[in-house]
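First the structure, in the form of structure tokens, and then the observations on it.
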Amino acid sequence: MIALPDAEALLPGLAEALCARIGPRSAMIGLYTGGAWLAERLHAMLGLAEPLGLMDIAFYRDDYAQQGLKHDPKRTRIPFSVEGRDLLLVDDVLYTGRTVRAAMNELFDYGRPRSIALVVLADRGGRQLPICAQVVGAEVVVPETKRLRLKRDADGRLRFELEDAA
Amino acid sequence: MSLLIRGARVVDPASGRDAPGEVAIAAGRIVERLERPARVIDGHGLVLAPALIDLSARLREPGDEYKARLESELEAAVAGGVASLACPPDTDPPLDEPGLVDMLRRRARALSRARVYPVGALTVKLAGEQLTEMVELAAAGCVAFSQANAPLRDTQVLWRAMQYAATFGFPVWLRAEDAWLAAGGVAHDGEVATRLGLPGVPDFAETIALATALTLARATGVRLHVCRLSSAAAVDLVRAAKREGLTVSCDVAVHHLHLSDADIGDFDANCRLEPPLRSARDREALAAALADGTIDCVVSDHTPVDEDRKQLPFGEAEPGASALELLLPLVLRWAAERGLSLAEALARATSGPARVLGVEAGRIAPGAPADLVLFDPQEKWRVTREALRSQGKNTPFLGHELTGRVRATLVAGNVVYEAR
Amino acid sequence: MRPDLQLDAEGRLRHLLSIEGLPREVIERILATAESFAGVTERDIKKVPLLRGKSVFNLFFEPSTRTRTTFEIAAKRLSADVINLNIAASSQAKGESLLDTVANLSAMQADIFVVRHASSGAPYLIARHVKPHEHVINAGDGRHAHPTQGLLDLYTIRHYKGDFSPLVVAIVGDLAHSRVARSLIHGLTTLGTGEVRAIGPQTLLPTGLQALGVRVFHDIRTGLRDADVIVMLRLQNERMSGALLPSAQEYFMSYGLTAERLALAKPDAIVMHPGPMNRGVEIDSAVADGPHSVILPQVTFGIAVRMAVMSIVAGGA
């Protein structure tokens, strides 16, 4: 039995660490689906001026040739100009780094940000690309056969769950 | 050569006989008994019946001589248990000249397989304008006159052609289809054609032309045979005409007993036929009419088509199905579905067509020509390219399993086909 | 049950040949994916790298600039390479068979064939003969189907009206010769549309429409009453010969969509047309350019829908 971190308990610490990074050019983008939920909470907690951006990386994944479009992609909405921004890219779990690679490629098709900082709730190691997060909620060790997922209850509370990797 | 076939179940549709027995053959005819047969064939577990008589099978000669069509298609005929067949005049060139008819008969006779009865063209080049020299053509061997699938739009010409044929007692075989209503159509005008976006041929294209043909037959007294009925409405017309005493006979293609437009599926060009496959209701009416005798005979309407003429979008594909080798098992399947006895069912492919053709064969009786088929009614076989002797592999039943297989076919007492 | 040629063993879309036979989930998936592509068109870089390195061959045996152009735009927005083949002018004229043409192109490493052909069923013949990694998208075959048009029409209706179940959709005009109408009818019935109506003279309505789930009207005024969506079909010049119709003017008198007739539909009804329009024949200019018309948005949606179809069929080896 692996002890999973308490997602809700990590939020205040994450928000506090982010506070220091927020400036006049900051804007936040959450990655569907877990990253989007997390970003919604953080965005509210931080009271950011710019509206929240939400991104689906379906069209930038590197496994399209093997898997096809795996599920119904959501519509990416970035309601501000990316040009010259200090972006806070938010995702729930950082693992191989491929999702973040795809997200950055997609972001650059919107414009040229001044900087991108990666914010994750959990870092489970196992990187396959040279990617790292600037703000991490907790480090978790997860066996290769399992997937670490963020879930949202009916009342909006976030929690971690382990699933068998497909 | 004298021959004895013993131990088989002998079925003679003409007399209704269906019992185990033996049949003796000498000098090409069936005889009462034989002292010392030169050969004995064991027919245990098999059915011995008159060989099938097919009123429509295309041999593609004249036209495709270089492909040795006559050889392969007559081989297919006897492998299918067909000892006599009538071939339509839509050869290339059409059978509108005595010389062509003569050559065809000679070639066929030389091959010593099935008996070939050519049907002559009713009009020159089948163009529907000028009468052919029917007397000369009959002298050369034509048994009847027909337009095959070519339209005859001018009703004046149709009337005169029937009058002329009636003068000499020549039968006229016609497929009833109004050329204007059928123009451009490739499938039955119904729900399936609508869904598939295919131009349709309404069933009244058949009934309107049929009514015309029946009226003219009444007026001229010609012996009319209606080919390839395709709709319930046409069956009703024929039934009414027969009831009022008109001398008319008709046939149905074996595919139309089993398939309907729904079988086109995803544009299967093997189901592109003339006339088109119609609705399930029409199919049912045709199957029932053949059973009750309103339809006199079933034909194969054998039409071998090369692969590259079928591997085309449905509407562009050449119509027709290869059917000589499927006639027997498909007739047996129809009989089983209708609950008919073997004798009743086989009558539609033996004694019935014999009557229309006016030939002696088609029955098992002393003195009759020894045209016989010995088959296993239970043997299952798969329709594959290799299994078919015809050069036409175009059949909707490709890959299907059929029941009923010919073991031997005799024509004039000669074993012209024997399964290995 | 014969397996559907369009779907692979796992039920994924491999070819798009017709809306008929597509499970509802597949249609919903295409529409949802198109929705996300709509966002791509709104950015500066209107491209995603999904089909980078893939080749899309536009095989148009029937000429068409509009449809071919939208497929080309859609393919390029997916970063695919596009090759346009105007077959009418080349190999077919030399008598090359359909399958030979496809085999030759296949030897040039094609991934997607977008096919438009004058004969119903032609894309099926092609789909039965392509290699496993090749995909066929039907851009219109004879009178049979125009599935991407049907899908973009469904997308348009969903965009403006949401749920299909309460809707009355009226299709007006030459349904007999229309592949657009057939595809739309299949899509509407699969998505559970409240009522699908066909309006036209007997000569232009095919046999057996009721069997497809359509209510037939010969009077445009009764047919349009309380309609939520009106789809006007193009009337082609050829219909004026061949004893189907006496003249364009007479057709407009009985079946043209005027503002007065449009007023019989619901107040928020939308007017659609697959294009190109014959102003004054099937539709009044004022209506075509009026507030109910969504004819131009249809074109934009068409690009997103075609991007969705291409990315779904081409995904996964």
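The values are calculated or read from the model by the stated rules, or taken from the named source; none is laboratory data. What you are looking at is a predicted structure, and each value in this text was computed from that prediction instead of being measured. For neighbour counting, all protein chains shown are included, and Cβ atoms are generated from backbone atoms with ideal geometry for every residue, glycine included.
Would you be able to tell me the number of residues in region B:388-415 that are surrounded by 24 or more Cβ atoms within 10 Å (Cβ to Cβ) and in a strand (DSSP E or B)?
4
Return yes or no: is B:LEU224 away from chain C (no Cβ under 14 Å), touching a residue at least 60 places away in the same chain (Cβ under 8 Å) and crowded, with 23+ Cβ neighbours inside 10 Å?
Against the criterion (away from chain C (no Cβ under 14 Å), touching a residue at least 60 places away in the same chain (Cβ under 8 Å) and crowded, with 23+ Cβ neighbours inside 10 Å), B:LEU224 qualifies.
Can C:ASP100 be described as more than 28 Å from A:TYR32 (Cα to Cα) and either over 20 Å from the mean Cα position of the chain (by Cα) or in the same structural domain as C:ASP153 (by TED's automatic domain parsing) (or both)?
yes
For (1) of a type in the set (Gly, Ala, Ser); (2) surrounded by fewer than 15 Cβ atoms within 10 Å (Cβ to Cβ), each residue gets a yes or a no:
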site	(1), (2)
C:GLU10	no, yes
C:LEU16	no, no
C:SER36	yes, no
C:VAL40	no, no
C:LEU51	no, no
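Spot the failing condition for B:ARG281; the list is (1) without any contact (Cβ under 8 Å) to a residue 60 or more places away in the chain; (2) surrounded by 24 or more Cβ atoms within 10 Å (Cβ to Cβ); (3) farther than 30 Å from B:GLN311 by Cβ, and only one is missed.
All conditions pass for B:ARG281, except number (2).
Filtering region C:250-281 down to residues that are charged (D, E, K, R) and at pLDDT below 95, which residue is nearest to C:GLN149 (Cα to Cα)?
Ranking the qualifying residues of region C:250-281, first place goes to C:ARG279.
Being small (Gly, Ala, Ser), under 23 Å from C:LEU184 (Cβ atoms) and free of Cβ contacts under 8 Å to residues at least 40 places away in the same chain is the filter here, so list the residues in region C:234-274 that pass it.
Within region C:234-274, just C:GLY256 meets the criteria.
Only one residue in A:TYR64, A:TYR32, A:TYR60, A:TYR95 is without any contact (Cβ under 8 Å) to a residue 24 or more places away in the chain and not basic (Lys, Arg), so which one is that?
Of the residues listed, the single one that is without any contact (Cβ under 8 Å) to a residue 24 or more places away in the chain and not basic (Lys, Arg) is A:TYR64.
Got a number for residues in region C:29-49 being at the interface with chain A (Cβ under 8 Å from one of its Cβ atoms) and closer than 27 Å to C:VAL130 by Cα?
Final tally of qualifying residues: 4.
Matching residues to (1) in contact with a Phe, Trp or Tyr (Cβ under 9 Å, 6 or more places away or on another chain); (2) surrounded by fewer than 19 Cβ atoms within 10 Å (Cβ to Cβ); (3) of a type in the set (D, E, K, R):
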position	(1), (2), (3)
B:ARG115	no, no, yes
B:LEU126	no, no, no
B:GLN130	no, yes, no
B:ASN149	no, yes, no
B:ARG153	yes, yes, yes
B:TRP173	yes, no, no
B:ALA176	no, no, no
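Quick one: which helices (runs of 4 or more DSSP H) lie wholly within region C:57-141 and hold at least 1 residues that are in contact (Cβ under 8 Å) with a residue 60 or more places away in the chain and under 20 Å from C:PHE301 (Cβ atoms)?
Helices (runs of 4 or more DSSP H) meeting the threshold: C:66-77.
Out of B:GLU386, B:GLU379, which single residue is more than 30 Å from B:GLY184 (Cα to Cα), free of Cβ contacts under 8 Å to residues at least 12 places away in the same chain, away from every other protein chain (no Cβ under 14 Å) and over 19 Å from the mean Cα position of the chain (by Cα)?
Selected residue: B:GLU386, the only one of B:GLU386, B:GLU379 that is more than 30 Å from B:GLY184 (Cα to Cα), free of Cβ contacts under 8 Å to residues at least 12 places away in the same chain, away from every other protein chain (no Cβ under 14 Å) and over 19 Å from the mean Cα position of the chain (by Cα).
Taking region A:67-105 as the search range and keeping residues that are within 16 Å of the chain's Cα centre (by Cα) and hydroxyl-bearing (Ser, Thr, Tyr), which one is farthest from the other protein chains (Cβ to nearest Cβ)?
By that ranking, first place goes to A:TYR95.
Would you point out which residue out of B:LEU85, B:LEU158 is in a strand (DSSP E or B) and modelled with pLDDT of 95 or more?
Step by step, each of B:LEU85, B:LEU158 is checked, and only B:LEU85 is in a strand (DSSP E or B) and modelled with pLDDT of 95 or more.
Have a look at A:LEU158, A:LEU107, A:LEU162 and point out the one that is under 15 Å from A:LEU38 (Cα atoms) and either surrounded by 19 or more Cβ atoms within 10 Å (Cβ to Cβ) or at pLDDT below 95 (or both).
Testing whether each residue is under 15 Å from A:LEU38 (Cα atoms) and either surrounded by 19 or more Cβ atoms within 10 Å (Cβ to Cβ) or at pLDDT below 95 (or both) leaves just A:LEU158.
Wholly within region A:15-124, which helices (runs of 4 or more DSSP H) include no fewer than the required count, namely at least 2 residues that are in contact with a strand residue (DSSP E or B) (Cβ under 9 Å, 6 or more places away or on another chain)?
Result: A:34-46, A:98-108.
Quick test of your reading of the structure: B:ARG363 fulfils all but one of (1) crowded, with 19+ Cβ neighbours inside 10 Å; (2) of a type outside the set (A, V, I, L, M, F, W, C); (3) in contact with a Ser or Thr (Cβ under 9 Å, 6 or more places away or on another chain); (4) not in a loop (DSSP other than H, G, I, E, B). Name the failing condition by number.
B:ARG363 satisfies all of (1) crowded, with 19+ Cβ neighbours inside 10 Å; (2) of a type outside the set (A, V, I, L, M, F, W, C); (3) in contact with a Ser or Thr (Cβ under 9 Å, 6 or more places away or on another chain); (4) not in a loop (DSSP other than H, G, I, E, B) except (4).
Of the conditions (1) touching a residue at least 24 places away in the same chain (Cβ under 8 Å); (2) within 18 Å of C:ILE126 (Cβ to Cβ); (3) of a type outside the set (D, E, K, R), C:LEU7 satisfies every one except a single condition; which number is it?
(1)
Pick from region B:192-221 the residues that are under 20 Å from B:ARG278 (Cβ atoms) and small (Gly, Ala, Ser): which of them is farthest from the other protein chains (Cβ to nearest Cβ)?
Checked region B:192-221; the qualifying residue farthest from the other protein chains (Cβ to nearest Cβ) is B:ALA213.
Just checking, does region C:144-161 include any residue being surrounded by fewer than 21 Cβ atoms within 10 Å (Cβ to Cβ), more than 14 Å from chain B (Cβ to nearest Cβ), of a type in the set (Phe, Trp, Tyr) and farther than 17 Å from C:ARG14 by Cα?
For region C:144-161, residues surrounded by fewer than 21 Cβ atoms within 10 Å (Cβ to Cβ), more than 14 Å from chain B (Cβ to nearest Cβ), of a type in the set (Phe, Trp, Tyr) and farther than 17 Å from C:ARG14 by Cα: present.
Name the residues in region A:1-14 that are surrounded by fewer than 20 Cβ atoms within 10 Å (Cβ to Cβ), part of a helix (DSSP H, G or I) and not acidic (Asp, Glu), would you?
Hits for region A:1-14 are A:ALA9, A:LEU10, A:LEU11, A:PRO12, A:GLY13.
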